[in-house]
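The values are calculated or read from the model by the stated rules, or taken from the named source; none is laboratory data. Computed from a prediction, not measured in an experiment: that's the story for all the values here. Don't worry about glycine lacking a Cβ; one is built from the backbone with ideal geometry, like all the others, and counts go over all protein chains shown.
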Amino acid sequence: MGVEALKKIQEEALLAGLGIMDARAVDEWRAEWLGRKGKLGMALGLISELTASERPEFGKVGNLVKETLEGRLVAMMSSVESVEGQLDWSFPGVEPKVGHLHLTSQTIREVQNIFSELGFRRARFPEVDWDYYAFESLNMPKDHPARDDWETFFIANDKGRIKTGAKGKQVLTPHTSNAQVREMERGELPIRLINISKTYRRQSGPRHLPVFHQFEGLLIDEGVSIANLKGVVDYFVKRFFGEGVQTRLRPHHFKFTEPSFELDISCVICLGTGTVSGGKCRICKGGWLELGGAGMVHPNVLKAGGVNPKKYSGLAFGWGVERTMIMRSGVNITDIRTLYKNDLGFLEQF
Ligand code: DAH
């Protein structure tokens, strides 16, 4: 240990002090170099190990280094003070952007809340499911032409062939009706569920998305009738679209319900009259808008789920989330794909 070591400490300390801008860093610098256990103090303490002739020079250089570093400390403290003194606390801050849920997510929550008022519990099921739950157990045997209505995506295995298991081919759920037999298999009756989920079909256009959402209701109990179906859909429609909106069950055909219906609601634009300022309403057909399918669960579907159709009956319905939300007055979206383009200018309106 000699004077060279002291000079090296000075050099390193000055280097370390360059660019220090805030009071905390100044304090740390002081502790590291000038503090009681700092590097300079420790080095000076080693004077006792030097010979008598070496000591005067070592002490002199030591004092110089100490003065230099203390001078530097004072300079750093005053420059930090003047930088902090220049902060203008009245300067407006940067306001963080506050976002909100996507219109689809808002609608999903609203639908869930409305049905929960009727005691429907939200349940979830696989979106990658087996043919059996998507079709076969819903009274649609293999190769049945009714399946063509659901333009289905299949999952391929690593050889590029459609993945197949004990319950048939693997599909991306083309509708939320796979919930029906899956829920019955859980073996708890009565059932009152709402399944809101992504659905997938090989389609794309102004009115069709390859990935969209549906909500499916299922109620199974003793003595469930069409009157109950009408009551449930009426309740939802009035809560979602407004008290003045009427419903109509129009006969239709689905393999998994008997009887089957399409649910229509009175047009929210022309208020069910079919005319707007003397001309034909451009939104609806004769005062009615089509919401989606509904019906009484087919006995074969109950049987597939292990439910005795002689004792129990059920109602079901399945509608598109995007379609339902677009039908509500005030939301006039001509191309459904706009919803998922991540255009904030569009999304922030809702
Ligand atoms: N799954 C049908 C579809 O995607 C909709 C549907 C119709 C669901 C009738 C039902 C129902 O539960 O009872 O078009």
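At a glance:
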item	result
The one condition in (1) in contact with a Phe, Trp or Tyr (Cβ under 9 Å, 6 or more places away or on another chain); (2) modelled with pLDDT under 95; (3) among the aromatic types (Phe, Trp, Tyr) that TYR133 fails to fulfil	(2)
Filter result for THR107 (surrounded by 11 or more Cβ atoms within 10 Å (Cβ to Cβ), touching a residue at least 40 places away in the same chain (Cβ under 8 Å), assigned by TED's automatic domain parsing to the domain that holds LEU209 and assigned to a helix (DSSP H, G or I))	yes
Only one of ALA179, ALA227 that is among the aliphatic types (A, V, I, L, M) and more than 15 Å from the ligand (Cβ to nearest atom)	ALA227
Elements of type strands (runs of 3 or more DSSP E) contained in region 250-333, each with 2 or more residues being away from the ligand (no atom under 12 Å from the Cβ)	257-266, 288-297
Qualifying residue in region 223-242 (condition: without any contact (Cβ under 8 Å) to a residue 24 or more places away in the chain and part of a loop (DSSP other than H, G, I, E, B))	no
For ASP234: the one exception among (1) within 13 Å of the ligand (Cβ to nearest atom); (2) under 26 Å from ILE326 (Cα atoms); (3) among the charged types (D, E, K, R)	(1)
Members of region 151-169 that are touching a residue at least 40 places away in the same chain (Cβ under 8 Å) and either over 26 Å from ARG122 (Cβ atoms) or surrounded by 20 or more Cβ atoms within 10 Å (Cβ to Cβ) (or both)	GLU151
Within region 130-144, considering residues that are surrounded by fewer than 21 Cβ atoms within 10 Å (Cβ to Cβ) and among the charged types (D, E, K, R), the one nearest to PHE254 (Cα to Cα)	GLU136
Test for ARG328: is it under 28 Å from GLY99 (Cα atoms), in contact with a helix residue (DSSP H, G or I) (Cβ under 9 Å, 6 or more places away or on another chain) and surrounded by 17 or more Cβ atoms within 10 Å (Cβ to Cβ)	no
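Table: residues versus (1) over 17 Å from VAL321 (Cα atoms); (2) more than 11 Å from the ligand (Cβ to nearest atom).
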position	(1), (2)
PRO174	no, no
MET184	yes, yes
HIS208	no, yes
HIS213	no, yes
GLU222	yes, yes
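Results for (1) among the basic types (Lys, Arg); (2) exposed (fewer than 15 other Cβ atoms within 10 Å of the Cβ); (3) within 16 Å of SER177 (Cβ to Cβ), shown as yes or no for each residue.
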position: LEU249; (1), (2), (3): no, no, no
position: PHE254; (1), (2), (3): no, no, yes
position: SER277; (1), (2), (3): no, yes, no
position: GLU290; (1), (2), (3): no, no, no
position: ALA294; (1), (2), (3): no, no, yes
position: ASN308; (1), (2), (3): no, yes, no
position: SER313; (1), (2), (3): no, no, no
position: ALA316; (1), (2), (3): no, no, yes
